[in-house]
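The values are calculated or read from the model by the stated rules, or taken from the named source; none is laboratory data. If you're wondering where the values come from, they're calculated on a predicted model, not measured in any experiment. Glycine also receives a Cβ, built like all others from the backbone with ideal geometry; neighbour counts cover every protein chain displayed.
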Amino acid sequence: MKIKETPLKDCYIIEPTVFEDGRGYFYEKYNEKKFEELTGMNGHFVQDNISKSAYGVLRGLHLQKGEHAQAKLVSCLEGRVWDVAVDLRPESPTFGQWYGVELTPGNRLQFYVPRGFAHGFSVLSETAVFAYKCDNFYSKESEGGVIWNDPDLNIDWKLPLGDIILSEKDKVLATFAERNF
């Protein structure tokens, strides 16, 4: 397992060591002990989620607030997604900055998004199956987020605007300037 730092403080790309031969391949997708040794972050996850989405679906930018804040370890099991994290921690040197990475089954990358970040992804392929491990349980009452097209963040979602499909909830999230997170 290789850990690569991103421009955002405490966000990491995880690249597995893959063993391939004529039969196929094997790799360790996650190892809590190695993760904690390499990042210094808590790597204990309590909930796994899977979503399937069609091309153009944009989910985000979401977060859990307060005592229900969540760190996530995300990957794409089928298709291609553009995955984005936004640092919402006011004390962080990367506060208000975003970073994106393409996740596919072929590149086998995982993206670690710590607590205090908003997270979202857009689907670049016909469909995508997206997986995320969370270090805290979901709480509907603690939902928060930032609108996907916030002008202060200016995120490139890698999709033509006319192709973006949003949930009703995601259409009315607060702006970064409103700071409801």
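For this structure, a couple of remarks:
- Restricting the range 4-41 to residues that are within 20 Å of the chain's Cα centre (by Cα), at pLDDT below 95 and polar (S, T, N, Q) leaves a set whose member that is farthest from ALA118 (Cα to Cα) is ASN31.
- Close pairs from the range 139-160: first of a type in the set (Gly, Ala, Ser), partner assigned to a helix (DSSP H, G or I), Cβ under 6 Å, at least 6 apart: SER139/HIS68; SER142/GLY66; SER142/HIS68
- Answer residue from the range 91-139, given it is outside any strand (DSSP E or B) and of a type in the set (Lys, Arg) and is farthest from ARG179 (Cα to Cα) among those: ARG108
- All of PHE130, PHE117, PHE111 fail the test of being touching a residue at least 12 places away in the same chain (Cβ under 8 Å) and either farther than 27 Å from PHE19 by Cβ or small (Gly, Ala, Ser) (or both), apart from PHE117.
- Answer residue from the range 105-130, given it is more than 16 Å from TYR12 (Cα to Cα) and surrounded by fewer than 19 Cβ atoms within 10 Å (Cβ to Cβ) and is nearest to the chain's Cα centre (by Cα) among those: VAL129
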